């Protein structure tokens with residue numbers, strides 16, 4: 001009888017574990033951790049910009065994340081907590097580019113996460129988010145972000161999901177910072 005390679009054996013184990021969790025009615029709560037810094041946009045300078053960023057997500061309850069087909073997989077998230085992490089990440093990135101993030105500022109941005117989806121195809125995991133941004137000047141826009149990864153050899157499924165959640169929030173932050181319309185709104189020019 002032929003032996004399975006360690007990578008194939010691990011992949012089969014992860015798939016069986018995922019099937020057991022989904023079919024057994026168990027759920028896992030995912031919280032973004034260690035949101036990686038946004039790279040590739042270092043030339044963006046926001047010196048002279050003064051703003052406040054608020055978490056507009058009001059619902060603190062756990063939300064059962066669907067996949068692209070609308071099926072619930074037992075993956076629970078607190079959109080208010082995720083939105084708080086996104087607000088903190090965006091504030092940090094803006095401050096790192098010279099913006100002053102203050103309690104009293106002429107520009108107020110409100111951030112919320114109306115949609116979060118999760119997909120798994122074999123050993124490939126993917127989070128998708130939709131971010132809604134609105135400003136005190138009446139401007140509003142949504143941003144879509146996707147992050148995906150393959151299962152790590154020595155990483156639990158919970159750790160993998162939390163890491164992937166952080167990556168998708170970094171991608172959402174990057175989508176905003178790379179949008180010329182978003183930057184124009186920050187600078188108060190039309």
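The values are calculated or read from the model by the stated rules, or taken from the named source; none is laboratory data. Everything quoted here is computed from the prediction, not taken from an experiment. Using ideal geometry, Cβ is built from the backbone for each residue, glycine included, and neighbour counts are taken over all protein chains shown.
Results, tabulated for the structure shown:
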{"read-out": "Residues of region 94-110 satisfying the condition of being assigned to a strand (DSSP E or B) and loosely packed, with under 15 Cβ neighbours inside 10 Å", "value": "100, 108"}
{"read-out": "Checklist (1) modelled with pLDDT under 95; (2) surrounded by fewer than 16 Cβ atoms within 10 Å (Cβ to Cβ); (3) under 23 Å from residue 163 (Cα atoms) applied to residue 47, failing item", "value": "(3)"}
{"read-out": "Residues of region 73-117 classified as over 15 Å from residue 54 (Cβ atoms), in contact (Cβ under 8 Å) with a residue 60 or more places away in the chain and under 12 Å from the mean Cα position of the chain (by Cα), total", "value": "1"}
{"read-out": "Residues within region 149-189 that are touching a helix residue (DSSP H, G or I) at 6+ places or on another chain (Cβ under 7 Å) and not in a helix (DSSP H, G or I), tallied", "value": "4"}
{"read-out": "Filter result (loosely packed, with under 15 Cβ neighbours inside 10 Å and either without any contact (Cβ under 8 Å) to a residue 12 or more places away in the chain or part of a strand (DSSP E or B) (or both)) within region 120-129", "value": "121, 124"}
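One line per residue, one yes/no per condition, for (1) in a loop (DSSP other than H, G, I, E, B); (2) at positive phi; (3) surrounded by 18 or more Cβ atoms within 10 Å (Cβ to Cβ):
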{"site": "77", "(1), (2), (3)": "no, no, yes"}
{"site": "92", "(1), (2), (3)": "no, no, no"}
{"site": "112", "(1), (2), (3)": "no, no, yes"}
{"site": "118", "(1), (2), (3)": "no, no, yes"}
{"site": "131", "(1), (2), (3)": "no, no, yes"}
{"site": "137", "(1), (2), (3)": "yes, no, no"}
{"site": "147", "(1), (2), (3)": "no, no, yes"}
